[in-house]
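Written below as structure tokens is the structure these notes are about.
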Amino acid sequence: MTRQLVLGLILVTSAAQAGIWPFKKEKVHKSAASPAVDSKAVAQPAQGFDSVYTQGTVAMIPQLTPGKLDLSDRQTLRFQFGKPVWSLPYKKISSIEVYDKFPPELFKMPFVHKKKRVFTLHFESERGKQRVEFEMGLEAAASVLPLLEERSGRVAFVEGQKDAESAWTDRYWKTAANAHKWEEAASGNAKVMTASKEE
């Protein structure tokens, strides 16, 4: 009797593990267990250069709004601030102005208040002459300016730059193309130093 009972328990256990009726297991569909993620539904991060829209005539962008200045498209500039995106065709840009913004001396703190570069873009629209102003760090500005000039076909006016044909980077980096200007500047400085000593 004991052998039959043990044998019966073994058979019942085997049947349950094999999924034989009435112990049939329900099939779990992969789609229900782990639903597929729609790549289109995932929000893509904004690309571009970190910048701040400081002021201008574009009503849809509040002043002092941070965002991404995207110059990846060769036809249109884009500024994304959160979900909204403002765009401007490069061909509408009439002029580019660049100047440096220094932190107030009174509150100047190293590694906290850093010098910024400001880009003012003048352009034409249905409402007439418009402008936007973007502020960004020096590293980003070093990449933004040549892209803006190339895509818009405009030569930027850089504050403090006497020669309109020279690049603003000539003031900071000596290259083969601008070596003669650095030599002229060095020669001029040497003459000034000599004259001051003679006096």
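Taking the numbered list (1) in a loop (DSSP other than H, G, I, E, B); (2) under 26 Å from the mean Cα position of the chain (by Cα); (3) modelled with pLDDT under 95 in turn, Lys40 passes all entries but (1). Quick one: is Ala176 surrounded by 15 or more Cβ atoms within 10 Å (Cβ to Cβ), among the aliphatic types (A, V, I, L, M) and either modelled with pLDDT of 90 or more or part of a loop (DSSP other than H, G, I, E, B) (or both)? The answer is no for Ala176. Among the residues of region 65-75, at least one is of a type in the set (A, V, I, L, M, F, W, C), modelled with pLDDT of 95 or more and assigned to a strand (DSSP E or B).
In region 58-77, the qualifying residues are those that are of a type in the set (D, E, K, R) and under 10 Å from the mean Cα position of the chain (by Cα), and the one that is surrounded by the most Cβ atoms within 10 Å (Cβ to Cβ) is Asp70.
The values are calculated or read from the model by the stated rules, or taken from the named source; none is laboratory data. Quick caveat: nothing in here was measured; it's all calculated off a predicted structure. Every residue, glycine among them, receives a Cβ derived from its backbone with ideal geometry; neighbour counts consider all protein chains shown.
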